[in-house]
Structure formats: structure tokens, C-alpha cells
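The values are calculated or read from the model by the stated rules, or taken from the named source; none is laboratory data. Just so you know, these numbers come straight off a predicted model, no measurement behind them. As a convention, Cβ positions derive from the backbone with ideal geometry for all residues, glycine included, and neighbour counts pool all protein chains shown.
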Amino acid sequence: MNKMTVRDVKDWKGKRALVRCDFNVPMKDGVITDENRIMGALPTIKYLMEQGAKVILCSHMGKPHSIFSDEVKLNKKDKAKVEKGETTAEAIIEKAKKDDLKKLTLAPVAKRLNELLGGKVTFATDVVGPDAQAKVAACKEGECVLLENLRFHWEEEKRDLEFCKKLAAFCDIYVNDAFGTAHRSHASTAAIVEYGLVRTAVCGFLIEKELTVMADSLEHPVRPFVAILGGAKVADKLNVISNLLEKCDTLIIGGGMAYTFLKAKGGSVGTSLVDDEKIDYCLDMIKKAKDMGKELLLPVDTVIAKAFPDPIDAPIETSVVPSMQIPADMMGLDIGPETRKLYADKIKGAKTVIWNGPMGVFENPTLAAGTIAVAQALADAKGATTIVGGGDSAAACTQLGFADKITHISTGGGASLELFEGKTLPGIACLNDKK
Ligand code: AMP
């Protein structure tokens, strides 16, 4: 890791640290349902408080686009109401805006942080407005202010210069610890530094840890190195497949994306999810693996059903067939028992494992066995560095109670996928290099 971290700044006392965090936590009815991202941010915040900095925290929460866009899509029910004259499109849009403001406020995060940090956190009800200015001015050494949701301003995602200047006015030193948004080039994640508005820009402990574990494992893996990719579509992970194939010894494919590979190999895949435009790409990858002497594993058996479950967790009748022989009217929705064993054995024999994407429609209990088997194999891979790249697979490991048996569960699904692609993340590239 060649970027400066909070540890490389010698004197924090009395300095205002603007810390970009990722507090985009799942919430239901104003209650935080998963605190992982808050917990992940604590080491940096505590360190800065102990060093006597004035800590100004900022984050986004969700996508409150309705607030500054009138392009709110009316659903069927709304349209019917408008047609009947019961309401107007304008009234529905106004309500959507109010709901977003209420639903996507960071106030519950501020409350939780205040509990975790001994009552030292205040909440600004705006981002760069009068309340934020007053609270930042009143912030004492060793205290924190959390600003309201950055994305309540369209300027955040559009990298607006004036908005960046207002944020920069709150800070002497900029700290990025939001790994989950490090692949985004927004005002608070990169532009504020790229415009030259802050002189010192460093990363926090969370980004340091994510980079050290993931980038090091990709660049200098202890072998055998097994990479597992799942999820819906091949198209979403083209560069990831290609880059991982170069780095790993065995690439395991599962989930919806497996059926495009199986069809490319001449298999009958019935009504399974297939990306016909990517058949040639899959053939290229199969050839690339062969040419490079890499192992590319595809499911040997598949759990099938008549149709995709609707709703997604509805009871479903399934059977198992060889994965290249799916009947014309059936759909593959999870890896079968033989594949689970094959994949688990490979994982258990590895010294480095990285995983992104579920093996099947894991949201349905009947179709979750493949994803559970892979999570279990990672947990059982003794002496191996095991890395789960955020998103659904991270949630699966946490829910199954395997989190403490896995070396690293990333807090950023999109960001870790871009690392797996070999890309440089803008939120990290802009930070000061170590001297
Ligand atoms: P991704 O966002 O690309 O990681 O994909 C995750 C989604 O892929 C989950 O919602 C799964 O339900 C879905 N998925 C996994 N396996 C299949 C499959 N065989 N057919 C359709 N969708 C799948």
C-alpha cells in the first residue's frame, strides 16, 4: 500500500479532519438492520478523536434522486389513481420527495454513532448549510459532527466545484475511509482532492485494510489460488472473469452466469438465464483458460424448476439434472449436489480464495444450498486466506454466522469487483502517496 494513511499525519491536534465514510447501511422503518459499515468506520474515527482532531464525518445514504428530479416513475397503481382523478402526478412526485428525505436521512446513524462514541457526536441537519457550518464551528477537539446525506445535493454525484469548495472549507485534512464508494468519482470521494482544494489527503484504516488484504492477495497470492464467481449475468463481470483467470489457478463459475458458459460448450440449458451476445466471449475465456493452463470449473449438475420463483422466496418444486442436459421447458436456478461437493473440495484445498456472487437464487431457501455450500467451504478452508468481495456473498456469510471464520469480508461489493478487474479506484488514486 503506497498511499498515506491517518497514521502518516504527525499532528492531528486541533485539526479538522473531513472523513468520508460509507454509512450507507440497510434500514427498515428508521431502524438500522446491519451495522457492519458503522463498525468498519469506528477504528479510524476513534483514532482521530484520540489524537485530538475535530472529526467531521460525511456519507451518502441510498439514491435520493427523486429529490432533484421530476422523473419519478409512476407505478401502475399511481397511474390508475391519476387517471381516475383521485390525485395528480405532481402530488405523487412531491410525496416521493418527502418520503426520500425522511427515509434516507443519516439521523439514525448519528444516533447510533453517538451511543458508540460516548456521546461525542452531533448531527448536522444539512450538508453545507447553516446548521452544518454552526456545528462544525462549535466542534471541539476529540468530538465529531456527522453531516446529513451528501446525496441530498445533486452536486455530490456531479462533482460540482462550488459544492466541493464548501465541503473543503470544513477541513484541514481529508480522510477517505469509504471503501464501498471508492470506485465512484463523486465530489466527496475524489473531486474535492482532484480540484486541489485540500493539501493533505489520506486513507483511513478500513480502506488500508481492504486494500492490503485484497490487492496483496491478487498480486501475490499463496497458491493454489481459487477464484469463485457467481451472480446473475456474464455481461456484468466480463473484465473480472478475464483478469481473475490470469491471476488464479482455478476459476469456479456458478450462478446465472454459468448457463451462458454451458450453452457455449454446446449444452442444452432450457429456459435458464443466457446472454446470447456473450457466447463468443465465453468461448474466448474457455480457450484462454486452456492456453494458460488454468482450470475453469462449470457446474456438472443443476437444480431446475419450471419457472423463476415469484415472489422470489415462494415455495418451489425442484429436481436435479446434469447441467448440460436441462429440459427445454426448465430453468437452472442453483448448482446441484455433485457440483457443491466438487467446488467445496477445490476450495478446501486452496491457500487463497476469493469469492463474489451467489451460486443460485439464494433468496429462496430451496435454492440457497449452493451458496451456503460455498460459504461453508470458505469457512472450512483451514490455513487459507479467504476473501469475500462484498454484496450478496458477504451477506450470506454474515447471516450464516461464518464471518469470524473468513479472513476478510469486504464492505464494498462494487469496489471490490473493480479491484478484481484490476482497475484503479478513483477514491484511492487521488490520495497522497507515501513519502
Ligand atoms: P449479481 O448482482 O450479479 O451478483 O447477482 C445476484 C443475483 O443473481 C441474485 O439476486 C440471484 O438471485 C441471481 N441469480 C443467481 N443464480 C441465478 C440463476 N441461476 N438464475 C437467475 N438468477 C440467478
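Might you check whether a residue that is at pLDDT 95 or above, out of contact with any Gly (no Cβ under 8 Å at 6 or more places or on another chain) and of a type in the set (K, R) occurs anywhere in segment 324-340?
No, there is no match, as no residue in segment 324-340 is at pLDDT 95 or above, out of contact with any Gly (no Cβ under 8 Å at 6 or more places or on another chain) and of a type in the set (K, R).
Restricting the search to segment 197-238, which residues are farther than 30 Å from I173 by Cβ, under 17 Å from the mean Cα position of the chain (by Cα) and either assigned by TED's automatic domain parsing to the domain that holds V19 or not small (G, A, S) (or both)?
Correct list: I228, L229, K233, D236, K237.
Helices (runs of 4 or more DSSP H) wholly in segment 362-423 with at least 1 residues that are modelled with pLDDT under 95 and of a type in the set (F, W, Y) - which ones? So that I can check it myself, show each step before the final result.
Details: elements: 369-380, 391-399, 413-420.
Ranges flagged: 413-420.
Just give me the residues in segment 53-67 being hydroxyl-bearing (S, T, Y) and modelled with pLDDT of 95 or more, in sequence order.
Pass one, segment 53-67, residues hydroxyl-bearing (S, T, Y): 59, 66.
Within segment 53-67, just S59 meets the criteria.
Considering only residues that are among the small types (G, A, S) and near the ligand (Cβ under 8 Å from one of its atoms), look in segment 358-392 and name the one that is farthest from E418 (Cα to Cα).
Residues of segment 358-392 that are among the small types (G, A, S), as a first pass: 360, 368-370, 373, 375, 377, 379, 381, 383-384, 389-391.
From the residues that got through so far, the ones that are near the ligand (Cβ under 8 Å from one of its atoms) too are 360, 391.
Details: G360: 22, G391: 13 Å.
Among those that are among the small types (G, A, S) and near the ligand (Cβ under 8 Å from one of its atoms), it is G360.
Is it true that I32 is in contact (Cβ under 8 Å) with a residue 24 or more places away in the chain, in contact with a Pro (Cβ under 7 Å, 6 or more places away or on another chain) and among the β-branched types (V, I, T)? Give the derivation first.
Values: in contact (Cβ under 8 Å) with a residue 24 or more places away in the chain: yes; in contact with a Pro (Cβ under 7 Å, 6 or more places away or on another chain): yes; among the β-branched types (V, I, T): yes.
Yes.
Output the residues belonging to segment 260-304 that are out of contact with any Lys or Arg (no Cβ under 8 Å at 6 or more places or on another chain), touching a residue at least 60 places away in the same chain (Cβ under 8 Å), within 14 Å of the ligand (Cβ to nearest atom) and in a strand (DSSP E or B).
The answer is V303, and nothing else.
Could you check, for segment 117-135, whether at least one of its residues is buried (at least 20 other Cβ atoms within 10 Å of the Cβ) and in a helix (DSSP H, G or I)? Spell out how you get there, then give the answer.
Of the residues in segment 117-135, the ones buried (at least 20 other Cβ atoms within 10 Å of the Cβ) are 121, 123-124, 127-128, 132, 135.
Of the ones still in play, those that are also in a helix (DSSP H, G or I) are 132, 135.
Taking every residue of segment 117-135 in turn, at least one turns out to be buried (at least 20 other Cβ atoms within 10 Å of the Cβ) and in a helix (DSSP H, G or I).
Could you pull out the residue among H186, H220 that is more than 16 Å from the ligand (Cβ to nearest atom) and surrounded by fewer than 22 Cβ atoms within 10 Å (Cβ to Cβ)? So that I can check it myself, show each step before the final result.
Values: H186 fails: surrounded by fewer than 22 Cβ atoms within 10 Å (Cβ to Cβ).
Only one candidate qualifies: H220.
Rundown of residues vs (1) in contact with a Pro (Cβ under 6 Å, 6 or more places away or on another chain); (2) outside any helix (DSSP H, G or I); (3) outside the structural domain of V145 (by TED's automatic domain parsing), yes/no style:
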| residue | (1), (2), (3) |
| --- | --- |
| R37 | no, no, no |
| P43 | no, no, no |
| K79 | no, no, yes |
| E86 | no, yes, yes |
| A91 | no, no, yes |
| K98 | no, no, yes |
| N114 | no, no, no |
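Could you tell me which of the residues L419, L425, L342 is more than 14 Å from the ligand (Cβ to nearest atom) and farther than 28 Å from V19 by Cβ? Quick ask: steps written out before the conclusion?
Numbers: L419 fails: farther than 28 Å from V19 by Cβ; L425 fails: farther than 28 Å from V19 by Cβ.
Of L419, L425, L342, the one residue that is more than 14 Å from the ligand (Cβ to nearest atom) and farther than 28 Å from V19 by Cβ is L342.
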